[in-house]
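The structure under discussion appears below in the form of structure tokens.
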Amino acid sequence: MPRTAKLALEDGTIFTGTAFGADGEVDGEVCFNTSMTGYQEILTDPSYRGQIVAMTYPQIGNYGVNAEDVESHRPHLAGFIVREVSRRVSNFRADGDLDGYLKHWGIVGIEGIDTRRLVRRLRIEGVMKGVLSSNDLDDARLVARAKAGPGLIGRDLVREVVPEKPVEWTDPLSPWAKLPADDATSAAPSFNPEPSATGAARPHIVALDYGMKWNIARHLFSLGCRVTILPGTATAAEVESYKPDGVFLSNGPGDPEPLDYAQRTIRDLLGRKPIFGICLGHQLLSLACGAKTYKLKFGHRGANQPVLNHRTGRVEITTQNHGFAVAADSLPELLETTHLNLNDETIEGVRHREYPAFSVQYHPEASAGPHDSDYLFDEFRAMLG
Amino acid sequence: MPRREDIKKILLIGSGPIIIGQACEFDYSGVQACKALKEEGYEVVLVNSNPATIMTDPEMADRTYIEPLTWEIVEKVIEAERPDALLPTLGGQTGLNLAMELHQHGVLEKYGVEMIGADAAVIAKAESRDQFKAAMERIGLEVPLGRTVGSLEEARRAVGEIGLPCVVRPSFTLGGTGSSIAYNREEFDELVQHGLDLSPVNQILLEESVIGWKEFEMEVMRDKDDNCVIICSIENFDAMGVHTGDSITVAPAQTLSDKEYQRMRDASIAVMREIGVETGGSNIQFAINPRNGQMVVIEMNPRVSRSSALASKATGFPIAKIAAKLAVGYRLHELPNDITRETRACFEPTIDYVVTKAPRFAFEKFPEADPTLTTQMKSVGETMAIGRTFKESFQKALRGLEVGSFGFGRDNKDLWDTPEQPTIDEVRSKLVTPGDQRVWHLRYAIKYGMSLEEIHELTGIDPWFLENLVQIVEMENHLDGLGGIDRCDDATLRRAKQYGFSDRQLAVIWKMTELDVRSERKRRGIVATFKSVDTCAAEFEAYTPYYYSTYEDEDEIPPKNPDKKRIMILGGGPNRIGQGIEFDYCCCHASFALRELGIESIMVNSNPETVSTDYDTSDLLFFEPLTTEDVLNICDSVEPDGVIVQFGGQTPLNLARALSNAGVPIIGTSVDMIEDAEDREKFKNILHRLKLKQPAGAIARNMAQARNQVAEVGFPVLVRPSFVLGGRAMEICYDMTQFERFVAVAFVVAQGQPVLIDRFLEDAIEVDVDAIADEEQVIVAGVMEHIEEAGVHSGDSACVIPPHSLSPAMIDEIRQATYALARRLQVRGLMNIQFAVKHEQGRPTLYVLEVNPRASRTVPFVSKATGMPVAKVAAKVMAGESLAEQGIFEEPTPQQFSIKEAVFPFAKFAGIDVVLGPEMKSTGEVMGISESFFIAFAKSQVAAGTVLPTGGKVFISVAQRAKQHVVELARRLERMGFELLATRGTAQRLEQAGIPVLSLMKIQQGHPNAVDFMIDGNLQLVINTPSGKGARTDEGRIRAAAVSHGVPCITTFEGATAAVGAMEALRHEEMTVQAMQDRFPNPSRATATLR
């Protein structure tokens, strides 16, 4: 028997649909993602901490879930909204279905609502706080709870997703990440699942994990590097104690501004070690250099965002997932804009004019999404000497 | 980067007549390209032989040549126009091949014409199987194992390596022409030979079969800076083995995880780069092994294609327009996304709905053809539907097909629970062999309780698709179980609508009327909502008013502007034989006319190939099936001030009565009058009162009646079932034996309706008239004399404007009859009349065969022949602007002969007879223009692909009735130096007249026979008029052999006479070319000089 679920927005809008996944009630910031594939990667991306994510593509769950296509050890988002969940899974790699997966991880889902209406509402009004419930369906109470929700601004969500202790990463990229020919024809060392045994000669990257997607670690490892993952709360001294050749700043959830500890660490490392940041890591690097960040009206979440690379003049189609951005008018002289979003001309990448440090707002590690920006890992690798 | 300044004038080549595999989509892409290039200030020169296209309207290009698409003719255009560049990638395979021929003959080099978009080397690399395979191997992509061979012997050697079954693909053909799957040795030899014959370079590829794998397509665009984007992914519902044009296809891909999707994306871009398509759009096909994800590249089209048109309509991204701009130097991110305005064209569209395309077949027209679906395309049209889920879009697509089904079963065509219900074994066999009826048998299989796994095993269709079909059937069974709409709660009813169930299906399930379902659901507030197609899943505001219906909460239609009138045009739906691009042309013109009058135009259509479904053709576009329910839903939402049903062919006319009854304001000629013209009795009375003649006729309800009546009417008679369109089962009978046989067939086809028996006017000249009428005036826009005698369907007959053999007095009589009929039927807008002129008692007598107060198939041809935009003028009349207000008082008088010739799909259906008759079989048309009738005819033949020979051997075999005239014809051929061959009867006759002739055996008698000469490539022309019909008759086999060996075959005596005249004319006169703009120098000449 289908169970009813409701989504209430802080502006009083109620969507009534059918519950799937786990039973329960969650609150969070309601946002939307326009990727047509990659729901499992999205579910397991720690950057979605504190958010209820609506997929704009209406048919979700078609190819099921599997053990490989994950970006962390579990789903992180607060709730999941789709138009229709597939009752049957069709893919040779699938080992489960979406409904069961969400049940297993206790994620509340709703299906059967007019997701396009929701998206239009969020686009016009901006992202909103909301509550998703399959427990209590009282509209007034749900709306009240939505209004009372903490939201994302000024909140430190990173501490909820950082790893407990340092680990060494040793998983290469999935064989799906590249065409077979890339091995044969390109001299770039970017795809090297079996790094040479001379481990000592490999550059060492310390990745500061603020909620890092595993595909970043897989990329770094597949560069032929030794990869040590530290909690994003680590200090510069802690980082340096690992004698890294380079420091990577990961993606992560929420507002970068309250993360003063992270900014401090980066400031201390800047100029001492080559730095590469992605998404939240990009925002933190920018903040550390004196820029400001602000909250976007409804963010960029999808796998089709065009980014102009100023240095090559070429466009990359990128995966993005961010609700905050670096303010262009706040950019210090020391930072050069290297990448620009062609949709709304927000900053997508910066480079330090003096030190070996650069970052991008988007996700070159893709997963889910296009592989157009792999080269950034190679550029980082080149900085490591 | 700015656009290129070093080129000023660009040549575009169209795709010629509509044929299977190449339809309206290239008019759509060509129109977009013309507009895009003109917008940039380039001078555009266009060549196309198809007059029924919007692109050949004189406003579209700067210089428009409606001329045959051969390299020799296009060289003349190049010589006259001296273009700087040729854009070869927007005119389909025809345009691409022609560009290659121009290159190979040194024409481009001679005149310094640069190929832009893709050059000759790139095209060769993509099109040549060997080069393509080598290229794929270089980038490490797998391709099915394959070998290119040039002879049967080579093929036999190669197949040992590849194994059977294997795919046989001729090189350089389009729509997979000649492509097939060989399962055993015997078939193999036959299919290889057929393939070699069809390839213009006598080359075929033998390819490892990946039948049963999943099939995908990617639409890619690339600019000169190597920016690449994927516009759309498409997943085929039918597995590999069925040509993608014949498959149900779905966008976006449904069963690929992101990992697999991105790998395919990487591969697509790698292919694009390796092949080197510099700028523009390409289409790449992949097969995926469902068991392990193994991916192989099947092929690439380095040009816009049918799939790119589909992708454009499915996403809202105008691929052809952008491709044209990229070709002149722009980069993707320098071009705006028209739909969002704020964002750029450099992005990948994301969609929040599911698109289903379904093919429309015409096997009923070719009963001898093999309806098995293979790697050669056989469908003649397609419909596309948009829904929020696959279930919804799938059911909408099936009702959009207009084949009498209103979804996935539970409609008039449903055989379940009827005496004809197929047995489970029959269902299994239909599932195993893909055919046009397979989709319906999927439902029967589910109804029989066959497991999803078994259905998957039998069909190769992905379980995800099947699961959704199962859910539809489960819903159907559930609704059945409820027993009535009053026992169905609102939530379930809404869910049924969300599953795509039509009111008609619900009405059948609950044994009520469709309108009762409609009013009950509206009472409950379950109404269609309209959502936009915006390329971005609502991430940005969309400005393009392109909508589809679904059952959701929010409707996105903007409120009606109270100061503006809005008029809705109903389109023609999927192309089919008898209803194709001509009607789309008319609908587009109606829209242009309304916009010129400041009226908001609303287009409703379901055909993704068309110009009418381009988002900037009309003010509002609804991509919807053309059914009463869907149209009424739109009317509820947009409240049109008028609806035009007379321009989209039979499709909207079939809806007229129901719409009118529902209170929809139909404008133009009234529905009553349209029906009067179709009602036999009423029409008879009308003609009687107007003192116009009609062939004797009668109605028979049974065989006995039929026998009685034929005695009264007298032989020969034309027999046809009533209420059946396009001349289905229409036959001419000369004697009682034929009559008995055909009447029996007609009764079967008529399905309980009576059969009509009309006197057939033998040796009569048929005449078509298109006219426009308002309250004060009737303007005859064109009088067309058919080349073939009456009895050949008017759509299949060649015809000429102005008439070349009718006397002025007869033409005047035709005019007067037209005026009288237009006034009597109170025509407001277009009408078409078919007349026949028969010599009786020494003088010509005029008969009226048929009157249709609506746009006809010939409207675009008449417009191009006279320079008068007939459809536009008529639409304005319908919208309230009289002919006088438009400045039209006189009829156009063309100064040249314009000949329309029909083009047939016989080559796609191996072995069928090619005889013309009362049942229409052509898919497209071409036009030849000249001051000389015979040169115009020659051009029309060349344009239709019939190369009239200048020397060699001609085989003549004519029916008894024509033998008296054959001597004269043979003498003229002999005088031109042709060697004549004939079977004994004809040969004797010629010998008696002193004409040298080689007498041949009939095929079953032995050798030498005509087919032997064809096989040796030693026969240049066949003139074979039928005495009997059918692929199994001797003459039928000769005609079929001629088609498969590419020997021109003329099957009517009149056609042969015209052809011989043309061959004589060509001896002392050359074909010349002239731009439309020079024929009609003042764009508004038609109206201006008539003032």
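A short reminder: the numbers here are calculations on the coordinates, not readings from a lab. All values reported here derive from a predicted model rather than from experimental measurement. All Cβ positions, even for glycine, are placed from backbone atoms using ideal geometry, and neighbour counts span all protein chains on display.
Per-residue shielding of A:110-119, expressed as the average number of other chain Cβ atoms within 10 Å of the residue Cβ, stands at 5. So which lysines pass the test for A:LYS147, namely a Cα distance under 16 Å, with those fewer than 8 places away in the same chain ruled out? Filter leaves A:LYS6, A:LYS129. In 10 Å bins starting at 0, how do the alpha-carbon pair distances of the protein assembly as shown split up by percent? Taking every Cα pair in the protein assembly as shown, the percentages come to 1, 8, 15, 20, 20, 16, 10, 5, 3, 1, 0, 0. Mean separation of Cα pairs under 8 Å and 6 or more residues apart, divided by the residue count, gives the stretch B:1-65 a relative contact order of 35 percent.
If only the Cβ of Lys and Arg carry +1 and only the Cβ of Asp and Glu carry -1, the dipole of the protein assembly as shown around its Cα centre is close to 1220 debye. Ranked by the mean number of other Cβ atoms within 10 Å per residue, highest first, peptides B:25-35, B:288-298 order as B:25-35, B:288-298. Charge dipole (Cα centre; +1 on Lys/Arg Cβ, -1 on Asp/Glu Cβ; no other charges) of the stretch B:80-157 amounts to roughly 300 debye. In chain B, the DSSP-assigned H stretches of four residues or longer account for a calculated mean residue ellipticity at 222 nm of -11000 deg cm²/dmol, using -39500 (n - 2.57) per stretch and the full residue count as denominator. In the protein assembly as shown, a dipole from Cβ-located charges (positive for Lys and Arg, negative for Asp and Glu) runs towards its positive end, and of B:GLY293, B:SER882, B:GLY16 it is B:SER882 whose Cα lies farthest in that direction. Which whole-number percent is the relative contact order of chain A (Cα, under 8 Å, 6+ apart)? The normalised contact order for chain A reaches 16 percent.
Placing +1 on the Cβ of every Lys and Arg and -1 on the Cβ of every Asp and Glu, with nothing else charged, gives chain B a dipole about its Cα centre of roughly 1720 debye.
One Cα centroid belongs to the stretch B:361-397, the other to the stretch B:262-323; the line between them spans 22 Å.
Our analysis of the stretch B:647-804 gives Rg over Rh at 0.99, with the two radii drawn from alpha carbon positions and Rh computed by the Kirkwood formula. Taking label positions 7 Å along the Cα-Cβ direction at both B:ILE699 and A:ARG141, the computed distance is 7.0 nm, reported to one decimal. Shielding of peptide B:342-350 by partners, expressed as the average count of other chain Cβ atoms within 10 Å per residue Cβ, is 6. Per the Kirkwood definition applied to all pairs of different Cα atoms, how many angstroms is the hydrodynamic radius of chain A? By the Kirkwood definition, the hydrodynamic radius is 21.1 Å. Label zone (B:GLU712, point 7 Å along Cα-to-C-beta; backbone nitrogen cut-off 17 Å) within the stretch B:645-685: B:680-685. Among B:961-968, A:91-98, sorting by the average number of other beta carbon atoms lying within 10 angstrom of each residue, highest first, gives A:91-98, B:961-968.
Computed from the C-beta positions of B:GLU420 and B:ASN202 and an R0 of 56 Å, the FRET efficiency is 0.75 to the nearest 0.05.
The residue list A:ILE107, A:GLY61, A:ILE124 was ranked by how far each Cα lies along the charge dipole of the stretch A:1-150 toward its positive end, using unit charges on Cβ atoms, and A:ILE124 comes out on top.
Antiparallel beta bridges, as assigned by DSSP with both residues in the stretch A:21-139, represent about 40 percent of the total such bridges. Kirkwood analysis of the stretch B:285-332, using all unique Cα-Cα pairs, places the hydrodynamic radius at 12.8 Å. Sorted ascending by nearby beta carbons within 10 Å, beginning with the fewest, B:ILE319, A:ILE107 become A:ILE107, B:ILE319.
Put the Cα centre of the stretch B:405-431 next to the Cα centre of the stretch A:2-29 and the gap is 42 Å.
When DSSP beta bridges are restricted to pairs lying wholly in chain A, around 60% turn out antiparallel.
Cross-link partners of A:LYS292 among aspartates and glutamates, defined as those whose alpha carbon lies under 19 angstrom from its own and excluding same-chain residues fewer than eight positions apart: A:ASP156, A:ASP255, A:GLU257, A:ASP260, A:ASP268, A:ASP329, A:GLU333, A:GLU336, A:ASP344, A:GLU345, A:GLU348. Residues A:VAL307, B:VAL473 in ascending order of nearby Cβ atoms (within 10 Å, fewest first): B:VAL473, A:VAL307.
Placing unit charges on each Cβ (+1 for Lys and Arg, -1 for Asp and Glu) gives chain B a dipole about its Cα centre, and among B:GLY407, B:ALA445, B:PRO695 the Cα reaching farthest toward its positive end belongs to B:PRO695. Relative to the globular-protein estimate of 2.2 N^0.38 Å, the Cα radius of gyration of the stretch B:156-232 stands at 1.40. As a proxy for reagent exposure, ranking B:GLU186, B:GLU979, B:GLU901 by other Cβ atoms within 10 Å from fewest up yields B:GLU186, B:GLU979, B:GLU901. Legend: mean number of C-beta atoms from other chains within 10 angstrom of residue C-beta atoms, peptide A:55-64, equals 6. Average projection, convex hull of the Cα set of chain B: 41.1 square nanometres. Calculated FRET efficiency, B:GLN1004 to B:LEU145, Cβ-Cβ distance, R0 = 30 Å: about 0.15 to the nearest 0.05. Antiparallel beta bridges, as assigned by DSSP with both residues in the stretch B:1-116, represent about 5 percent of the total such bridges.
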